[in-house]
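A short write-up of the structure that comes next.
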Amino acid sequence: MEILKVLFNYFIFPGFLFTAVVGMFLTWIERKVSARVQMRVGPPWYQSYADFLKLLIKETIIPEGTSRFLFYLGPLLGLISMSILAVMLFTMNFSPQTSFAGDLIVMVYLLALPPIGVIIGGSASRNPFASIGASREMTQYFAYELPFLIVIAGIVLKSGGTIKFGEIIELQKSNGPFLYSISGIIFGMVMLLVMQAKLGFVPFDIPEAEQEIMAGPYIEYSGVALGVYKISKGMMLFLLPVFIISLVWGGITDWWAILKFLLIIVLIILIKNTNPRLRIDQTLKFFWIFLGILSIIGLVLAVNRL
């Protein structure tokens with residue numbers, strides 16, 4: 001029975017199936033709102049699901065001379081990591097006692113796997129545009145990961161040194177969300193912008209940049225493999241706001257969490273539709289200098305309990 005429960009959690013709820021369905025619905029919302037901003041009608045509600053099903057019945061073409069293992073490993077890394085992250089996020093929000101030492105570090109590693117999968121897939125494609133996209137993805141990953149890790153360190157300090165995800169949530173329930181402090185506001189802002197880059201949304205869609213490098217690391221992907229990449233990004237669109245709410249806004253166990261979640265989604269869409277794409281050098285400066293300094297200020301304020 002225990003094995004069946006684990007399989008249900010991973011494959012059905014709150015793992016792969018639930019997260020994928022909600023993620024694809026959020027993808028439709030993002031596309032619909034973006035279309036309205038651009039004075040277009042936008043797709044119907046079922047378009048994301050139809051696109052995925054269409055990809056499932058199409059052939060996956062593998063470029064000649066490509067490593068099949070690496071070509072398929074790229075999209076699978078994102079899918080597997082997001083499914084595990086979904087189980088951890090929801091389980092530890094509603095059952096904090098299941099948290100284990102270092103689970104926060106595990107989540108940070110899980111969030112690192114989707115971009116690594118894009119780098120592996122793009123590098124394995126043997127296409128010059130894919131190689132450029134993979135190179136940009138790697139550069140951007142190292143750019144936004146610095147302020148992200150500083151913020152994680154600041155949250156650990158505000159939590160009294162614990163690296164248990166459940167204990168961080170319980171502490172906020174007892175003493176109030178971290179977001180209601182100066183350092184918490186800074187951490188929330190930094191995490192929101194880092195999340196925009198992790199999702200590959202404008203202004204940080206440099207690795208994909210369809211007008212420049214024709215979809216970058218995804219250019220040689222088709223069929224099921226491309227569908228897995230798309231569904232992984234939809235799952236990230238669902239899970240990253242949940243991750244932010246859990247770390248700085250008190251968790252997702254009350255009804256207010258729905259409004260918090262919707263507010264973050266609205267901010268993501270607004271940022272995407274009101275900014276131009278940055279160059280990769282501008283992205284490095286933005287994350288290392290501006291957000292890097294801002295996150296260090298937040299860390300100093302967290303040390304001083306502000």
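Every number here is computed from the coordinates shown, using simple stated rules; none is lab data. Here the structure is a predicted model, which means the values were calculated and not measured. Note that each Cβ is placed from the backbone with ideal geometry, even for glycine, and that neighbours are counted across all protein chains shown.
Checked against a 26 Å cut-off, the cross-linked pairs K233/K272; K164/K198; K173/K260; K173/K230; K58/K198; K32/K54 give Cα-Cα distances beyond that limit for K173/K230; K58/K198.
Pairs of C-alpha atoms in the stretch 56-134 farther apart than 18 Å represent 52 percent of all such pairs. Of the trypsin sites (Lys or Arg not before Pro) in the stretch 42-110, the ones in a loop by DSSP (not H, G, I, E or B) with at most 16 other beta carbons within 10 Å are K58. Reported value for the stretch 1-146: 179 Å³ per residue, from the convex hull of its C-alpha atoms.
Treating r as the C-beta distance of L157 and I182 and R0 as 22 Å, the FRET efficiency rounds to 0.95. Of the trypsin sites (Lys or Arg not before Pro) found in the stretch 247-280, those that fall in a DSSP loop while having at most 14 other beta-carbon atoms within 10 Å are R279.
Here the gap between N273 and T253, fully extended at 0.36 nm per residue and compared with their Cα-Cα distance, gives a gain of 4.1 nm. For the stretch 1-66, which chymotrypsin sites (Phe, Trp or Tyr not before Pro) pass both filters: DSSP loop (anything but H, G, I, E, B) and at most 13 other C-beta atoms within 10 Å? Hits after loop and neighbour filter: W45, Y46. Longest segment of the chain with no GluC sites (Glu not before Pro) in a DSSP loop having at most 14 other Cβ atoms within 10 Å? The segment 65-306 is the longest one with no such site. Each 10 Å bin from zero up to the one holding the largest Cα-Cα distance in the chain carries the following percent of pairs: 6, 26, 36, 24, 8, 1. Put in line by how crowded their Cβ is, counting other Cβ atoms within 10 Å and starting with the fewest, T253, T274 read T274, T253. A crude spin-label estimate for the pair K58 and I297, with each label 7 Å from Cα along the Cβ direction, gives 4.6 nm.
Averaging the Cα positions of each part gives two centres, and for the stretch 103-154 and the stretch 216-267 these lie 16 Å apart. In this structure, I105 and M214 have a Cβ-Cβ separation that, at R0 = 25 Å, corresponds to a calculated FRET efficiency of about 0.10. Remark: C-alpha extents of the stretch 4-83 on the principal axes read 43, 42, 20 Å, sorted largest to smallest.
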